[in-house]
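Worksheet: the structure to be examined is printed underneath.
The values are calculated or read from the model by the stated rules, or taken from the named source; none is laboratory data. This is a predicted model, so every value here is computed, not measured. Positions of Cβ are backbone-derived with ideal geometry, glycine not excepted, and every protein chain shown enters the neighbour counts. Just the protein is used for accessible areas: all its heavy atoms, side chains included, with ligands, DNA and RNA removed. Shrake-Rupley method; radii C 1.70, N 1.55, O 1.52, S 1.80 Å.
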Amino acid sequence: MNLNEVMKFVESEYIVINNTPCELCGGSYLTESGGLSFENGKAENITHCICEKCGHEREFSFRAPFINTMDNQDTNSDELN
């Protein structure tokens, strides 16, 4: 993936977060922190969010094919979301 593709991928994650209402009050989530997790050799972008209205916390998890996997396998474009 080139840099432009990576940026579009990350931007789409924030579109999902911004369009997901809080399941408790319907408020909007604010991003508090982000990080990476590796499960079964596949990278995931984990974003911790808090509802701006009620303070409910939620983690969003997205595949991160732009990060080299731990087993160094190539990610082909068919595997992207």
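Counting only residues that are of a type in the set (S, T, N, Q) and within 11 Å of the chain's Cα centre (by Cα), which one in region 39-60 is least open to solvent (accessible area, probe 1.4 Å)? Let's see the steps before the verdict.
First, the residues of region 39-60 that are of a type in the set (S, T, N, Q): 40, 45, 47.
Then keep just the ones that are within 11 Å of the chain's Cα centre (by Cα); that gives 45, 47.
Numbers: 45: 26, 47: 4 Å².
Result: 47.
For every residue, the table says whether it meets (1) part of a strand (DSSP E or B); (2) closer than 17 Å to residue 61 by Cβ.
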residue	(1), (2)
7	no, no
10	no, yes
14	no, yes
17	no, yes
31	yes, yes
37	yes, yes
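Determine whether residue 36 is open to solvent by 60 Å² or more (accessible area, probe 1.4 Å) and at pLDDT 90 or above. Break it down into steps so the answer makes sense when it comes.
Working: open to solvent by 60 Å² or more (accessible area, probe 1.4 Å): yes; at pLDDT 90 or above: no.
Considered against the rule, which asks whether it is open to solvent by 60 Å² or more (accessible area, probe 1.4 Å) and at pLDDT 90 or above, residue 36 comes out as no.
Within region 1-33, which residues are in contact with a helix residue (DSSP H, G or I) (Cβ under 8 Å, 6 or more places away or on another chain) and open to solvent by 40 Å² or more (accessible area, probe 1.4 Å)? Walk me through how you get there before you give the answer.
As a first pass, look at region 1-33 and keep what is in contact with a helix residue (DSSP H, G or I) (Cβ under 8 Å, 6 or more places away or on another chain): 1, 28-29, 31.
Of everything in region 1-33, those that are in contact with a helix residue (DSSP H, G or I) (Cβ under 8 Å, 6 or more places away or on another chain) and open to solvent by 40 Å² or more (accessible area, probe 1.4 Å) turn out to be 1, 28, 31.
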